[in-house]
Amino acid sequence: MNSQFAPMANILMKSNELREKFLEFFEKRGHKVIPSSSLVPENDPSVLFTTAGMQQFKRYYTNPSDAPAPKIVTCQKCIRTGDIEEVGDDTHLTFFEMLGNFSFGYPEKEGSYFKEKAIKLGWEFLTEELKIEKKRIHSTYFEGKTEIPADEESLKILQEIEGLEEIKPQGFDDNFWSLGTEGSPGGPTVEYYIDGIEVWNLVFNEFNFINGKYEPSQHKGVDTGMGLERLLTVINGKKDVYETDLFEPIISKVYDELPLDPSRDVEYARIVADNLKASVMIANEGILPGKNREEYVLRRLIRNAIDHCDLKEYPEWIKPVIESAIDVYCEAEDFASLLANKGKIFEVVFEEAKKYSEILVSAEKLLNKKENFSEKDAAYLHQTLGIPFGLYNDYSIMKQTKKLSYEKFLEYEQKHQALSRTASAGMFKGGLADSGEQAIKYHTATHLLQQALREVLGDHVAQKGSNINVERMRFDFTHPDKMTPEQIKKVENIINEKIEADLPVTMAEMSPEEAKKSGAIGLFEH
Ligand code: SER
């Protein structure tokens, strides 16, 4: 199992130095250094995890007088579960750190700044502090959209920068940033790229998202975000984030512990390293693996790392990998709690890994014993033990038996879920907890969304839950694959057409049988 993985060579700058350089650079320029907030945001039920540096400061954009200082700098721990499918490529990570500088209450707050200073500080940090060659850098700005003008002001500032040779206009999807929740700040962005890789996003909050529109905001502010791991990669001339000091020791351990071939199993090794590092960070917040919210994410990440592993009888392989994920951060101030919580983190992550490995081993035994293993058996084991569907098909390929049908598996899943749904309650309960106008709109939108999903993806799409509050709606549904950007666009177009058609909404009372006959779709078993 010895690793052929290249040892860390030619590291020009390590993560600790880069973090310090960034914080010091902005501190010297009047910013207050604030520690990273928790990975699980306090008092913000709209998200499970902190996904950006600005999250802990959200309210200061609309209420700048609450801000502890007009200028702030941070290095924020983040988790993005939306990128989980991309993990394994060169740049996407589940856990990462975001370097950011912020300004609030421009122009009225003394010391605050906006586009000009933010763009110039960014350029100075990259070219003078980090000494990145100017010709390796290019920049983008917002080219405008029907109701939002192009950001000519930023363009002019960028054009004045000596040595910045390329400035490209880009559209709303790339160069406008907003949380998209009611009342939240948003605005056009300027991005800096190094060697064609996007490293820094400078957001100029000059709008508030109100009733589905971007209204000019009374106060302006700056929110920038630069992924530490990505920046480390480019300044060290590495190919990918896994070659930096924040990953290389973990990847090395993965190759030491698992029977892998670095020429073939690169993606798999990366997934294991990423998922286990993220698990360590979540466990460090005191979260235990479970069925809901953050707890479920932790469980999925640990189980995903195990699903990828051939050593189900020997879950101990995970221990040195967890150890290296903690060691990587042992000198970083913001991570002191990792060392303090080390024993607990080990226990939590290893116990879940062990339990899941045992489940998989017994499932394989069952598969070996039972001839004609069916979709019904697979659904039962998934519902009761959490065994992933993929396991059966990997197994059947190995044993050259028949492949199970995912459609059939889903049918049994749905039957089982309909039976157990009555017992479920709490966070993921469907329906309307709030009957305000915005919540009613979101509720109607779930119906439009379900129909549009069925048209684009197929009739297997079924609602699995929905949760609505005044700021956002969530809709869970069954579909075996990640949706492609084209499919998402199609669904959006169908819904927007229906909204624009302004169809009348009517109400009629009937029995569930009559409703089903009339073509209504619903959770009638509820
Ligand atoms: N909020 C922006 C982002 O997440 C900039 O920090 O990219």
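The values are calculated or read from the model by the stated rules, or taken from the named source; none is laboratory data. This one's a predicted model, so the numbers in the text were calculated from it and none came from an experiment. For neighbour counting, all protein chains shown are included, and Cβ atoms are generated from backbone atoms with ideal geometry for every residue, glycine included. Heavy atoms of the whole protein, side chains included, go into the accessibility calculation; ligands, DNA and RNA do not. Shrake-Rupley method; radii C 1.70, N 1.55, O 1.52, S 1.80 Å.
Results, tabulated for the structure shown:
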| quantity | calculated |
| --- | --- |
| For region 1-143: relative contact order, % (alpha-carbon pairs under 8 angstrom, 6 or more apart) | 21 percent |
| Straight-distance crosslink candidates among aspartates and glutamates, where the alpha carbon sits under 19 Å from K213 and sequence neighbours closer than 8 are dropped | E143, E147, D151, D173, D174, E182, E437, E471, E492, E497, E500, D502 |
| Taking region 183-264 and dividing mean pair separation by its residue count, relative contact order in percent (alpha carbons under 8 Å, at least six apart) | 20 percent |
| Sequence of S15, S263 when ordered by accessible area, the most exposed leading, probe 1.4 angstrom | S263, S15 |
| Cα centroid of region 301-340 to Cα centroid of region 116-145, whole Å | 36 Å |
| The chain - mean residue ellipticity at 222 nm from DSSP helices (-39,500 (n - 2.57) per run, n ≥ 4, rounded to 500) | -13000 deg cm²/dmol |
| Where labels lie 7 Å past Cα in the beta-carbon direction, separation of E351 and D89 in nm | 3.7 nm |
| Solvent-accessible surface ranking, highest first, for M13, M281 at 1.4 angstrom | M13, M281 |
| Accessible surface, region 150-276, averaged per residue in Å² (probe 1.4 Å) | 38 Å² |
| Potential extension, N496-R293 segment - 0.36 nm per residue separation minus Cα distance | 70.1 nm |
| Radius of gyration, Dmax [the chain; alpha carbons; angstrom] | 25.1, 75 |
| Protection-proxy order for peptides 488-494, 102-108, each taking the mean of Cβ atoms within 10 Å per residue, highest first | 102-108, 488-494 |
| Additional length obtainable on full extension of the chain from T181 to S38, 0.36 nm per residue less Cα span | 49.4 nm |
| Centroid-to-centroid separation of region 34-79 and region 186-249 [C-alpha atoms, Å] | 15 Å |
| Two-site FRET efficiency, D310 against E215, from Cβ-Cβ distance with R₀ of 60 Å, rounded to 0.05 | 0.60 |
| Surface per residue (accessible, 1.4 Å probe) for region 301-353, Å² | 43 Å² |
| Amide hydrogen neighbours beyond the local backbone of Q76, cut-off 5 Å, H modeled | M98, L99, G100 |
| Surface share of carbon and sulfur [accessible, 1.4 angstrom probe, percent] for the chain | 49 percent |
| Within straight-line cross-link reach of K21, lysines at Cα separation under 23 Å, skipping those fewer than 8 residues along the same chain | K32, K71, K77, K115, K117, K120, K131, K134, K135, K238, K239 |
| Relative contact order, percent, the chain [alpha-carbon distance under 8 Å, six or more residues apart] | 11 percent |
| Point-to-point label distance, T81-E160, nm (Cα→Cβ direction, 7 Å offset) | 4.5 nm |
